[in-house]
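I am attaching a structure below and will ask some questions about it afterwards.
All of the numbers you see were taken from the coordinates with simple rules; none came from a lab. In this text the structure is predicted, and so the values were computed from the model without any measurement. Glycine gets a Cβ as well: all are built from the backbone with ideal geometry, and neighbour counts include every protein chain shown.
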Amino acid sequence: MIKTKKNLVLFMPFIGGGGVEKNLYIIANYLSFKFNNLLLCTISTKYKKKFDKKIKFIVPKKKWSENISIRIIYIVCLYSLFKYLIKNRNCVVLSFQANVYCILICKLLNIKIIVRSNSSPSGWYHNFIKKSIYKILISFADIVIVNSLSFKKQMEERFNIKVKCIFNPLNKKEILKLSKKKTKDRFFISQKKIIKIINFGRLTDQKDHITLLKALCLLKKNINFRLIIFGKGVEYNKLINFIKKNDLSNNVKIRNFTDNPFPVLLQADIFILCSRYEGLPNALLEAIVLKKISISSDCPTGPKEILSNGKGGLLFKVGDYKDLASKIKYSLENKKLLSKKKMYAYKKLERYDYDKNLIKYTRLIKPFLIAH
């Protein structure tokens, strides 16, 4: 362990279930073995067991429900961070969430801040006020980290800032191990020959599950399929209503979020990602680890990079359910070609090597912590 002169404070106000959280656990636990005095500022204490015992928690004095507005959660945690930094100036902050607000606090207190941006600004870039505020404040970060090369290019071009790219650390051994665990889910078990499709991600507009359901509506008379979606979120009722209205209840099931969808993923034939925007989608990488045929929206940013511009899978136009339906049909009619594509994608996973990318975090952060 490297003895440091400064504390490292990770800032993640709300921990839910998704790719950002997976990366937080991995990065935080790795850094706790590399540096002394690691802290995490969050409201989500129920996930404490996922973190190494050496990591100390900065939490609000009053216990808050996690069902309150995300904006209130941000305000509560920012206040907790502010109070801590006022008394402990000898710190460096690594922010995973609410980045622009965290930058503002750190700059007011003359604290070094490293920002890890998680998803492409394409999701909100049309909002002139947000864009203007973000452009000003992001320039005050000491380092901005993103997780894909196309994301890096986008940030540098739109905001005229220097950005470091560190890919998501992909733990292939852990995914393979988890995939071998038994599952009680029997939806893919059938005597009939069916096409087994899977998707997992938060049930939000960003993930655009409705496009997937519309595509399958076009195909339901021609192919025998079953789809499982793992996730939870605000779009749940909308998706359930669409499934019922379009007579898909026997073909589609929405399962609650789980830490381990891999035993079911292992049974699947096709993984489909239909997001409107991403950073570097973990779910797509995890599907490739288990050598699944992958179909993804060509959204900013990440999928095109992961699938090597179509050499490792199929890409469809964002929000175009007809294009997605044609890609699903094509994958079923060209199984040998798709088998080659999935193996090509698997070989390219070396870029996301677990140890290699975690070492990059250590090298990047270390100079800030040992400085006088």
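Between (i) 28, 56, 16, 0; (ii) 31, 62, 7; (iii) 18, 21, 21, 17, 8, 11, 4, 0, which matches P(r) over Cα pairs in 20 Å bins from 0, in percent calculated for the structure shown?
Computed from the coordinates, P(r) over Cα pairs in 20 Å bins from 0, in percent corresponds to (i).
Once the dipole of the chain is set up with Lys and Arg at +1 and Asp and Glu at -1 on Cβ about the Cα centre, which of I228, L213, F159 lies farthest towards its positive end?
I228
Same structure, new question: Rounded to the nearest 500 deg cm²/dmol, what is the calculated helix-only ellipticity per residue at 222 nm for the chain, with -39500 (n - 2.57) per DSSP H run of length n ≥ 4?
Details: 14 runs with 156 residues, N = 372.
Theoretical 222 nm ellipticity from helices: -12500 deg cm²/dmol.
Want the number for K5 to I210: 0.36 nm per residue separation, take away the alpha-carbon distance, what's left?
Working: separation 205, 0.36 × 205 = 73.80 nm, distance 5.03 nm.
Length gained between K5 and I210: 68.8 nm.
Relative contact order of the chain, please, whole-number percent, based on alpha carbon pairs below 8 angstrom and at least 6 residues apart. Display every interim value, and only then the final one.
Working: 655 pairs, mean separation 62.2, N = 372.
So the answer I get is 17 percent.
Separation of the range 1-39 and the range 57-71 by C-alpha centroid, Å?
19
For a quick protection proxy, order the peptides 314-327, 264-277 by their average other-Cβ count within 10 Å, most packed first. If you can, show how the numbers build up before the last one.
Values: 314-327: 19.3, 264-277: 22.7.
Answer by packing, highest mean first, reads 264-277, 314-327.
Further question on the same structure: Picking from K193, K164, K34, which is most flexible by a Gaussian network model of the chain using Cα springs under 10 Å?
Answer for the Gaussian network model of the chain: K193.
T45 to S308: FRET efficiency via 1/(1 + (r/R0)^6), r the Cβ-Cβ distance, R0 51 Å, to the nearest 0.05? Write out the running numbers ahead of the final one.
Details: r = 41 Å, r/R0 = 0.80.
Efficiency computed from Cβ-Cβ geometry: 0.80.
Among I143, I133, I243, which one shows the biggest mean-square fluctuation in a GNM of the chain, springs joining Cα atoms closer than 10 Å?
Among I143, I133, I243, the largest mean-square fluctuation in the Gaussian network model of the chain belongs to I133.
Compute the long axis of helix 354-370 from its Cα atoms, compare it with the longest principal axis of the Cα atoms of the chain, and write down the angle in degrees, 0 to 90, nearest 10.
20
Compute the signed sum of charges (Lys and Arg +1, Asp and Glu -1) over the other residues within less than 11 Å, Cβ to Cβ, of G310. Numbers along the way, then the final one.
On the way: positive: K304, K311, K327, K341; negative: D298.
Here the count lands on +3.
Additional query: What is the distance in Å between the Cα centroid of the range 256-322 and that of the range 176-215?
12
Could I ask something else about it? Can you give the FRET efficiency for I72 and F257, using 1/(1 + (r/R0)^6), R0 = 22 Å, r = Cβ-Cβ distance, to the nearest 0.05?
Details: r = 22 Å, r/R0 = 1.00.
It comes to 0.50.
Still on this structure, please answer the following. Of the listed pairs K6/K130; K49/K180; K182/K232; K56/K207; K50/K130; K130/K244, which have alpha-carbon separations greater than 29 Å here?
Details: K6/K130 33 Å; K49/K180 23 Å; K182/K232 22 Å; K56/K207 33 Å; K50/K130 33 Å; K130/K244 37 Å.
Exceeds cut-off: K6/K130; K56/K207; K50/K130; K130/K244.
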